[in-house]
Amino acid sequence: MISDLLIAQGAIGTFMVAIAVFGFAPGMVLALIVRLIPDLDRRRELQAELYEVPRWDRLFWVAQQFEVALRTGLPVHIEWFWGRYVWHRCTLESGLKSHRESPHTFEIPDRESKSAIRPGDRVKLMWSVARSPGERMWVTVTHRKGDQLIGILDNYAVFAFLKPDEKMKFHIDDIIDCIFEEDDVEEAELAA
């Protein structure tokens with residue numbers, strides 16, 4: 001009986017489509033859908049629930065989850081995009097430029113200190129934010145190539161639409177303050 005079905009014309013192709021539609025597609029589509037949902041725990045729950053739903057109902061269940069994700073998650077993403085790129089646009093400001101404009105009141109680290117910055121050190125950068133006061137936040141340096149640096153944001157932003165642990169690319173002239181990793185270690189040893 002099964003051998004007769006498999007040798008019928010187009011049976012292998014139909015079988016492969018059925019595997020893709022009922023086996024592979026629901027999991028892959030759900031993995032894309034859950035990215036819209038901001039709550040990480042809910043994302044994991046949905047992915048675990050998929051395999052509790054009977055195989056024949058999975059397509060409809062995934063479609064329902066898409067509707068839920070659009071209703072609950074999409075407004076959050078739109079709000080974040082609107083805030084970050086339209087309403088509260090933030091741009092990294094040059095510390096060197098601010099120092100040149102006000103050399104007596106705006107101090108920055110000297111060239112030697114800046115050239116000594118290595119991965120693990122912390123630097124302070126400043127952002128101008130449209131329609132809000134600017135912000136100054138600490139960034140831990142992760143990579144350095146000449147005067148170009150990459151780091152991870154250490155602060156929670158108040159006005160700028162930036163997330164903690166967000167990756168930052170910046171130039172050495174953007175730095176307005178720095179703390180070297182060995183200074184942190186020495187302070188911790190003195191405090192103990």
Answer in debye to the nearest 20: the dipole magnitude of the range 43-192 about its Cα centre, from +1 Lys/Arg and -1 Asp/Glu charges placed on Cβ, is 940 debye
What one gets for the range 2-77 as the Kirkwood radius, inverse of mean 1/r over different Cα pairs in Å, is 13.8 Å
Under 5 Å from the placed amide H of Leu162, counting only residues 5+ away or on other chains, we find Ala157
Place a point 7 Å from the Cα of Phe159 in the direction of its beta carbon; the residues of the range 78-120 whose amide N falls under 12 Å from it are 88-91
The simple spin-label model distance between Val21 and Leu74, using points 7 Å out along Cα→Cβ, in nm, is 2.5 nm
Between the modelled labels at Leu59 and His171 (7 Å from Cα along Cα→Cβ) the distance in nm is 5.6 nm
Chymotrypsin sites (Phe, Trp or Tyr not before Pro) in the range 55-157 lying in a DSSP loop, each with at most 10 other Cβ atoms within 10 Å of its Cβ, come to Tyr156
Summing +1 per Lys or Arg and -1 per Asp or Glu among the other residues with Cβ less than 14 Å from Arg35's Cβ gives +2
Descending packing, highest mean Cβ count within 10 Å first, for 159-167, 40-48 is 159-167, 40-48
In deg cm²/dmol, rounded to the nearest 500, the helical mean residue ellipticity at 222 nm of the chain, built from -39500 (n - 2.57) for every DSSP H run of length 4 or more, is -12000 deg cm²/dmol
Rh_Kirkwood(the chain) over Cα pairs, Å, one decimal, evaluates to 21.2 Å
Within the set Ala31, Ala18, Ala157, GNM on the chain using Cα springs under 10 Å gives the largest fluctuation to Ala18
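Rule-based calculations on the coordinates, nothing more; no lab input. The structure presented is a predicted model; accordingly, all values stated were derived computationally and were not measured. Note that we place each Cβ from the backbone using ideal geometry, even for glycine, and neighbour counts take in every protein chain shown.
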